[in-house]
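A short worksheet on the structure shown next.
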Amino acid sequence: MTYDQYIAEIQSLSLMQRGQGAFGEYRGYPLYCIFSGRVQAKAVTVEVSVEGKRQTKFMRELNRSIKGLGSAAFKTSDGSVIQIQVKAADSFAVPFRQVMDRLAETAVSYGVTPPSVCPLCHRSGCDGWALLKGGYRPVHKACLEQVRDSVRASAQRNMAEGSYLTGILGGLAGGLVATIPCLLTILLLERIYALLVWLIPMGAAFGYQKCNGKRSRAAGPILIVLSIVSMFLMEYVFFVVQWSAAYGWGVGEALLTTLPFMLDPTFWIAVVQSSVTELLFLALGIAVSWKTLTSTAADEVSGVDACMETYQPRVPENAGFEDRQKEGISDGA
């Protein structure tokens, strides 16, 4: 199926298009469709939001009922979003309707229903849907607007009052605190768990934000440098503890004796050579925390604005044909 054909069929289903994605509802279930290709695709991903207990038996039965049309799996750990790969080699609208009809029929037997609670205020009575928290969900427009206003105010305040200096101090403190689990395993268990090093970037990011660090494009590189510095300071602390234990020195004496080593390049070369594994896990931690490390105040505002763009008002079930057409929702969806 070509992209142009996909767009035409999306429109026939009265779904709201945003790029390669489309939003809407079918038989009460809010959903998000994604075209799995640029020009042509053999499948379309449909993410359906549901409410009810996550059940393996339900998913097994759903896959049995849509066999030949696609395959389904839980997208979220709580089972609130079901991801379905709908086969669409020649058409999308027909298999889409078949899959959604069978999902709705299967769901009845397992107590799975369309979601009814706003994920922002956790109350019912939602007046629309929006893409947030990993799925297309029912929401109150007032809740969305409140979040948008809060994020914008926070971003403006951060850009006006945020400080790189306090952020750096907080990030370094957070990074050092995150090294404690790794140090404790080395000192108490006499084993090196390099995997714990991946916590350092998260600690640095947390400390940077808590100390009102300015969240601009420069924050990402700063946090990466702080993470590396924190890891090497951890290695230095471990080095001091080793000397203190070996020669029976107090902490102060050990620090005074070892401080000159910090000015010796050969010392740091040796530290780097002995920390290859830790550096690899630090890189893993940076990769895992990349979005947090590089996120800016402007990115947060853009994110909430993008969420607002996916909002669609909910039309009451007893609305007349003209009202439903005005909202862009057909009787079949």
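The values are calculated or read from the model by the stated rules, or taken from the named source; none is laboratory data. On a predicted model such as this, the values are computed, not experimentally measured, just so you know. Quick reminder, even Gly has a Cβ in these numbers, built from the backbone with ideal geometry, and neighbours come from all protein chains shown.
A few notes on this one:
- Evaluating S36 against the criteria (1) surrounded by 19 or more Cβ atoms within 10 Å (Cβ to Cβ); (2) modelled with pLDDT under 90 leaves one unmet condition, (1).
- Counting only helices (runs of 4 or more DSSP H) that sit completely within the stretch 189-260, those holding 1 or more residues that are within 21 Å of V276 (Cα to Cα) correspond to 199-210, 219-247.
- Members of the stretch 1-32 that are in a helix (DSSP H, G or I) and touching a residue at least 12 places away in the same chain (Cβ under 8 Å): Y3, Q5, Y6, E9, I10, S12
- S216 meets the conditions (1) surrounded by fewer than 17 Cβ atoms within 10 Å (Cβ to Cβ); (2) touching a Gly at 6+ places or on another chain (Cβ under 7 Å); (3) among the hydroxyl-bearing types (S, T, Y) in every case but one. The failed one is (2).
- Out of A107, A89, sole residue that is over 23 Å from the mean Cα position of the chain (by Cα), surrounded by 17 or more Cβ atoms within 10 Å (Cβ to Cβ), of a type in the set (A, V, I, L, M) and more than 30 Å from R148 (Cβ to Cβ): A107
- Residues in the stretch 118-158 that are surrounded by 18 or more Cβ atoms within 10 Å (Cβ to Cβ) and of a type in the set (K, R): R137 alone.
- G171 being surrounded by 21 or more Cβ atoms within 10 Å (Cβ to Cβ) and within 25 Å of E235 (Cβ to Cβ): yes
- Any hit, the stretch 134-147, residues being touching a strand residue (DSSP E or B) at 6+ places or on another chain (Cβ under 9 Å), farther than 20 Å from S302 by Cα, touching a residue at least 60 places away in the same chain (Cβ under 8 Å) and of a type in the set (F, W, Y): no
- Residues that are within 20 Å of L226 (Cα to Cα) and exposed (fewer than 13 other Cβ atoms within 10 Å of the Cβ) within the stretch 281-314 comprise A287, K291, listed in sequence order.
- Residues of the stretch 123-149 classified as within 20 Å of the chain's Cα centre (by Cα) and not in a helix (DSSP H, G or I), total: 11
- Note on the stretch 33-66: residues that are more than 21 Å from the chain's Cα centre (by Cα), assigned to a strand (DSSP E or B) and either farther than 20 Å from L15 by Cβ or of a type outside the set (G, A, S) (or both) total 2.
- In the set E161, E235, only one residue is among the acidic types (D, E), more than 20 Å from V271 (Cα to Cα) and surrounded by fewer than 21 Cβ atoms within 10 Å (Cβ to Cβ); that residue is E161.
- Of the criteria (1) farther than 26 Å from Q156 by Cα; (2) in contact with a Phe, Trp or Tyr (Cβ under 8 Å, 6 or more places away or on another chain), which one V241 fails: (2)
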